[in-house]
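The values are calculated or read from the model by the stated rules, or taken from the named source; none is laboratory data. Because the structure is a prediction, the values reported are computed rather than measured. Ideal geometry is used to build each Cβ from the backbone, glycine not excepted, and the neighbour counts take in all protein chains shown. To get the accessible areas, we keep the full protein, side chains included, count just its heavy atoms, and leave off ligands, DNA and RNA. Shrake-Rupley method; radii C 1.70, N 1.55, O 1.52, S 1.80 Å.
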Amino acid sequence: MKILLGGLHQEINSFAPGKTTPEHFKRKQYWLGEDMLRYADEYVCCDDDADVLSGSYTVLKEAGVEIVPGGFLGAQPGPAIEQSVIDDYIAQLKETVKRNLPLDGVVLVMHGAAQGEKTDDPEGDIIVAVRELVGKDVPITVALDMHANVTKRMVENANTLSLYQKYPHTDIWETGARAARLCLRILKGEIKPCMAYVQIPMIAPASAYTTEIAPFKGLMQKGHDYVKSGKLIDFSVAQMQPWLDAKDGYSSVVTVGENKEEIARIAKELATDLYAMRHEFRTELYGVDDIIGRAEKNESGKPVILNDFADSSNAGAAGDSPETIARVLALSSDVRGLMYINDGEFAAACREVGVGNKICAPLGAKFSTKLFAPVPVEATVKALFDGVMPFRGMMADFGPSAVVQIRNMFVIVTTQHRYNGDPCLYRAFGYEPTDFQMVVVKANTSFRAFYAPLTDLIYPAATKGSSTADLRSLPFKNVPKSFYPFSDNEFLPQVDVFEM
Ligand SMILES: [Zn+2]
């Protein structure tokens, strides 16, 4: 049995400065041909947060399938992708498909909230390109992030779509495995799934909900119960990436099953439930000065987390906000703190002066120039790194990096920004977050999976940034006219059912 596996995986923040270039992919995941298979085999992040590609790969391999590498491209979340990356990926994918026809099946692992310079639906473009070559009879099953913008083209052209069902995303590997298992079950003739799809005109800040607590927990449990009872084969609730300004951008519900009426009814029910809880998706914010004040008094042995989620690298922001350090300086605070900032210019200047020496230079705001101004700092260079180091189960490239001390704050300065929600970022540079009174974490809800076991002193900060929770402050242009939180209207769910 021959199944193609591959995909393009990136989450876009339409409000982040700059664009995502081929270099950004090459620095993270640009795996074509045999390379893809090798990395899929090796790439396991950590126990419950492993890679989606690896999940699909493992299931297919264990089933004795011949896996055709369709190529896998992944980059750190960021601004819209240079169109050539998407066009080149689709061109090589089409060549690979043609060379390997007839294929028995296709499994695609993607994010779902990508955006190119000329397309708002790269994942739809990819699925359609493959469908046109393999025809209607070859199953295409797809794994996506819970923050996907699931478009009608994606549902029309795939046999199944399976999104992460947990947030924080602790089921990434499992979602890849789900998509692969569905493909195998279709091929064995065990299931003949249809999909029901409902678009929901709303977005919610990613800091404002988790599947661990009500109300979202109850909604997801309802879906799981329908799967357990056999009424559904699979289900997904997409809370669209809230900083994606895309034409036809929607949150959505996708249900998978064999009874068309039943899956349509359940999709409508779950979509109605999600819209009904929209007002409950709110983030309680704390002022930066207030959080610093709490941290100064913190002798608990657990760090106060200043959650600067508005500058979240994982939500596509540039990770270059100097807001916290500016307030520490303005307050003349001696809080013992740890923070991270993306500023290659500053890191290069540290290299010039060398370890143990003083540097006076502006810090931060090298990308988000419309949001912040660089902060003049006097710092001591504590350490320098070439930036290539083990991070989340594989080698990562942070680019030339430095650690500097500003008052009592230890600041990791990198040239490439990476996921900041896992304490292993600080550990990679030799610092243990629990040794500090205050740790700045630039991530949305995802970080709670890693930081909640260390501390309960977590404070979402009222900071500025491309991934702010104040969605109405952002210059959305493309979302539909009637769309929460920009307007708050009655929602009459329309269900579409698709059958391959
Ligand atoms: Zn997500």
* List the pairs whose first member sits in segment 401-428 and is under 21 Å from LYS28 (Cβ atoms) and surrounded by fewer than 23 Cβ atoms within 10 Å (Cβ to Cβ), whose second member is small (Gly, Ala, Ser) and at pLDDT 95 or above, and whose Cβ atoms are under 9 Å apart, counting only residues at least 6 apart or on separate chains? -> THR415/GLY344; THR415/ALA347; THR415/ALA348; THR415/SER401; GLN416/GLY344; GLN416/SER401
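The rows are residues; the columns are (1) open to solvent by less than 10 Å² (accessible area, probe 1.4 Å); (2) modelled with pLDDT of 95 or more; (3) among the β-branched types (Val, Ile, Thr).
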site: CYS194; (1), (2), (3): yes, yes, no
site: ALA204; (1), (2), (3): yes, yes, no
site: ALA208; (1), (2), (3): no, no, no
site: ASP225; (1), (2), (3): no, yes, no
site: LEU232; (1), (2), (3): yes, yes, no
* Structure fact -> Across segment 432-469, the tally of residues that are away from the ligand (no atom under 15 Å from the Cβ), open to solvent by 10 Å² or more (accessible area, probe 1.4 Å), under 21 Å from the mean Cα position of the chain (by Cα) and of a type in the set (D, E, K, R) stands at 1
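Could you name every one of the strands (runs of 3 or more DSSP E) located completely within segment 250-342 that has at least 1 residues being of a type in the set (Val, Ile, Thr) and outside the structural domain of TYR451 (by TED's automatic domain parsing)?
251-257
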* Of the conditions (1) touching a strand residue (DSSP E or B) at 6+ places or on another chain (Cβ under 8 Å); (2) hydroxyl-bearing (Ser, Thr, Tyr); (3) surrounded by fewer than 19 Cβ atoms within 10 Å (Cβ to Cβ); (4) within 30 Å of LEU474 (Cβ to Cβ), THR369 clears all except one; give me its number. => (1)
* Which one of these does ALA113 not meet: (1) out of contact with any Asp or Glu (no Cβ under 8 Å at 6 or more places or on another chain); (2) within 16 Å of the ligand (Cβ to nearest atom); (3) at pLDDT 95 or above? -> (1)
* Here are some conditions: (1) part of a helix (DSSP H, G or I); (2) over 24 Å from VAL254 (Cβ atoms); (3) open to solvent by less than 20 Å² (accessible area, probe 1.4 Å). VAL68 meets all but one. Which one does it not meet? -> (1)
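Would you mind finding the one in LEU108, LEU144 that is aliphatic (A, V, I, L, M), under 16 Å from LEU187 (Cβ atoms) and either touching a residue at least 40 places away in the same chain (Cβ under 8 Å) or within 16 Å of the ligand (Cβ to nearest atom) (or both)? Spell out how you get there, then give the answer.
Numbers: LEU144 fails: under 16 Å from LEU187 (Cβ atoms).
None of the other options fit; the residue is LEU108.
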* To do: Please indicate, with yes or no, whether at least one residue in segment 161-177 is out of contact with any Phe, Trp or Tyr (no Cβ under 8 Å at 6 or more places or on another chain), open to solvent by 10 Å² or more (accessible area, probe 1.4 Å) and away from the ligand (no atom under 16 Å from the Cβ).
  => no
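Against the condition at negative phi and of a type in the set (Ser, Thr, Tyr), how does SER300 come out, does it pass?
On the way: at negative phi: yes; of a type in the set (Ser, Thr, Tyr): yes.
It is true that SER300 is at negative phi and of a type in the set (Ser, Thr, Tyr).
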* **Subset of segment 318-343 [on the phi > 0 side of the Ramachandran plot and open to solvent by 10 Å² or more (accessible area, probe 1.4 Å)]** => SER332
* To do: State yes or no: is MET146 open to solvent by less than 10 Å² (accessible area, probe 1.4 Å) and touching a Phe, Trp or Tyr at 6+ places or on another chain (Cβ under 8 Å)?
  => yes
